[in-house]
Amino acid sequence: MNFVADENVDSQIVTALRDAGHGVLYVAEADCGISDDSVLAKATAAGAVLLTSDKDFGDLVFRQGKAMGGVLLLRLAGVSNTEKVRLVMRACQECEHELTGAF
């Protein structure tokens, strides 16, 4: 599966996804500081699921009607990095077929 990871996603999550064979474009490595619109457009154009902890993407998708290939909103404040990685990897493994096109 392909992902675009917003710059607010922990690098450990990106590394774990890559190690598991997923394609991940990490905004923090490629285009740090680009707008949310641009991040969403990159993910959509690539047919990738967007990983983010930014709730503003809900506004872009639901209120503004922006196209998306899927968004996985990570609300994991206060959770250890190890647990974040475990939870995201579990979601990707168990729900992979449900992530495309879903928020």
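The values are calculated or read from the model by the stated rules, or taken from the named source; none is laboratory data. These numbers were taken from a predicted model, which means no experiment stands behind them. Every residue, glycine as well, gets a Cβ built from its backbone with ideal geometry; the counts of neighbours run over all protein chains shown. Only protein heavy atoms, including side chains, enter the accessible area calculation; ligands, DNA and RNA are left aside. Shrake-Rupley method; radii C 1.70, N 1.55, O 1.52, S 1.80 Å.
With n ≥ 4 as the cut-off for DSSP H runs, can you work out [θ] at 222 nm for the chain, using -39500 (n - 2.57) per run divided by the number of residues, rounded to the nearest 500? Mind showing how you got there, number by number?
On the way: 4 runs with 43 residues, N = 103.
Theoretical 222 nm ellipticity from helices: -12500 deg cm²/dmol.
Which of the trypsin sites (Lys or Arg not before Pro) found in the stretch 21-66 are loop residues per DSSP with 13 or fewer other Cβ atoms within 10 Å of their Cβ?
Sites meeting the loop and neighbour criteria: Lys55.
Computed from point charges on the beta carbon alone (+1 for Lys and Arg, -1 for Asp and Glu), the dipole magnitude for the chain about its Cα centre is near 180 Debye.
From Cα pairs below 8 angstrom and at least 6 apart in sequence, can you work out the relative contact order of the chain, rounded to a whole percent?
Details: 143 pairs, mean separation 30.7, N = 103.
Over the chain, the number comes to 30 percent.
One entry in (1) 0.93; (2) 0.98; (3) 1.03 is Rg/Rh (Cα atoms, Kirkwood Rh) calculated from the shown coordinates; its label is (1). The stretch 63-103 and the stretch 21-54 have their alpha-carbon centroids 13 Å apart.
Tally up the carbon and sulfur contribution to the accessible surface of the chain as a whole percent, 1.4 Å probe, everything protein left in place. It would help to have the intermediate numbers written out before the result.
Values: 2630 of 5460 Å².
Here carbon and sulfur together make up 48 percent of the probe-accessible area.
Surface exposure of the stretch 14-92, expressed per residue as accessible area with a 1.4 Å probe, stands at 52 Å².
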